[in-house]
Number of protein chains: 2
Amino acid sequence: MTSTNNQDPLAVFRDHLRRQQLRLTPVREAIVRAALCQAGHFSVDELTRAVRASGHEVSRATIYRALPLLLESGLIQATEVSKDGSYFEASFGREHHDHLICRGCGTVIEFQFEAFQMLEQQIAEKYGFELLSHVHELIGRCAPCRSGGDAHEVH
Amino acid sequence: MTSTNNQDPLAVFRDHLRRQQLRLTPVREAIVRAALCQAGHFSVDELTRAVRASGHEVSRATIYRALPLLLESGLIQATEVSKDGSYFEASFGREHHDHLICRGCGTVIEFQFEAFQMLEQQIAEKYGFELLSHVHELIGRCAPCRSGGDAHEVH
DNA sequence: ATAATTGCAAACGCTTTGCAACCCC
DNA sequence: GGGGTTGCAAAGCGTTTGCAATTAT
C-alpha cells in the first residue's frame, strides 16, 4: 500500500520523473495515455501508431527512450513473450525441464516438477486449447549473488 | 517409442536429412557434434565458436541455415530464454497473470492460478534463490484454430 | 551430372545513438 | 537561460538472403 499506487497513473509518472529531475512533456504524456489505453499486449510499433493516432507526432526513437521510464515507474511491464530462438540446448534423449535463472550471474538451473505439467494441462483444457509447449522460467538471485552483493556477469 | 529415438543422434539427423533429400556434409556433422557437446544453453555465436574450435571453418550463415534442421530433427530445442522487451502491457493496478498463447492466430488469454506461485516459491527456496519474477507461457492452439485448419495470422 | 551446400557480402528489421534544434521548468 | 527532450539520420546488432563457386550423391 504505497502512497502513489492509488493515484492517477499520470501522477505516478510525473512523480517518477521529478524524482530524477526529468520532465513531463506533452509527448511523454501522450505516450503514457496511449500505453494505458492499449487493450492487451503491444509492440513498440503499435504504441507508436496509437500515440500518433491520438494526434501527436512522435518518432520511434522517442518511444524507445520513453519506455524505460514507463517500466521504471511501474505503469507497464515487459511481457517477455517467448522469443523462440537466440538460445538453444541439446534435447536429444533429455527429459523436459524448466529453468531457474539468476539475474546476477546468469547461472541456469534446470528443474523438473510434474505438478506444473498437470496444472498446465488443466488450464489449457479449460480454455479449449491443445497444449503444444510452454515456457516457464523463474528469475531470481542465487545465494552467492544475494550475499556477494554485486553481479558477477557471466553467461 | 519411435524407431530412431534410441539411435545415435547423428543417424537421426542423417535420416531426417535423407527424408528431405538433403545432404549430410562434414560441416553439418561438425555442427551436430558441437551442438550435442554443449553443456547447457548456447547461442548461435557460441555454437559457431565451438564448431570452429573443433577444426571446421564455418560461417555464421551456415549455422543459421543448419539450426532449423537440428530443431526439426529434435536434436536441439529453442530455449526461449525470456526476452525482456519487444512486447509490453499496461500493469498499473493490474493483477499478476500469465499467458496462454495460440500459435495459430496469436490470441493471448490471460490466466491466474495461485497454485503456480506457491510451487514456484518452493522451488526457488529449494535452490537458495530469491524469486524476483517469472515467465510462464502456455503455447498451444485455440479451439477455432484447431478446427479451422490453417492459421489466421493476427497479432 | 545435377541439385544441394557454402561463404561472402549485402540486405533486413529492430533498437540505439550523436547531434543540432527545441522547449519544459 | 540552462539542461533535459526531440527528430533525424546514421550506426549497431543479430539474422536472413542472393549469388557464384563448390561438393555430396
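Read-outs throughout are calculated quantities, based only on the coordinates presented, and are distinct from any laboratory measurement. Keep in mind the model is a prediction, meaning the values are calculated, not measured. Quick reminder, even Gly has a Cβ in these numbers, built from the backbone with ideal geometry, and neighbours come from all protein chains shown.
With a Förster radius of 35 Å applied to the beta-carbon distance between B:L24 and B:E46, the computed FRET efficiency rounds to 0.95. Estimated at 0.36 nm per residue, the fully extended path between B:S133 and B:Q121 surpasses their Cα-Cα distance by 3.3 nm. Summing Lys and Arg as +1 and Asp and Glu as -1 over all other residues whose Cβ lies under 15 Å from the Cβ of B:L36 gives a net charge of 0. Ranked from shortest, the separations from the 7 Å Cα-to-Cβ label point of A:G128 to its equivalents in the other copies are 4.9 nm.
Suppose R0 equals 51 Å; then what is the FRET efficiency for A:A53 and B:R33 from their Cβ-Cβ distance, rounded to the nearest 0.05? For R0 = 51 Å, the calculated efficiency reads 0.45.
Ascending distances from the A:S147 label point to its copies in the other chains, with the point 7 Å along the Cα-to-beta-carbon line: 5.9 nm.
Could you tell me whether segment A:1-60 comes out rounded, prolate or oblate from its Cα gyration tensor? Rule is a ≥ b ≥ c as square roots of the eigenvalues, rounded for a/c under 1.5, then prolate if a/b exceeds b/c, otherwise oblate. Oblate. Distances between equivalent label points of B:E29 across the copies, with each point positioned 7 Å along Cα→Cβ, amount to 6.9 nm, shortest listed first.
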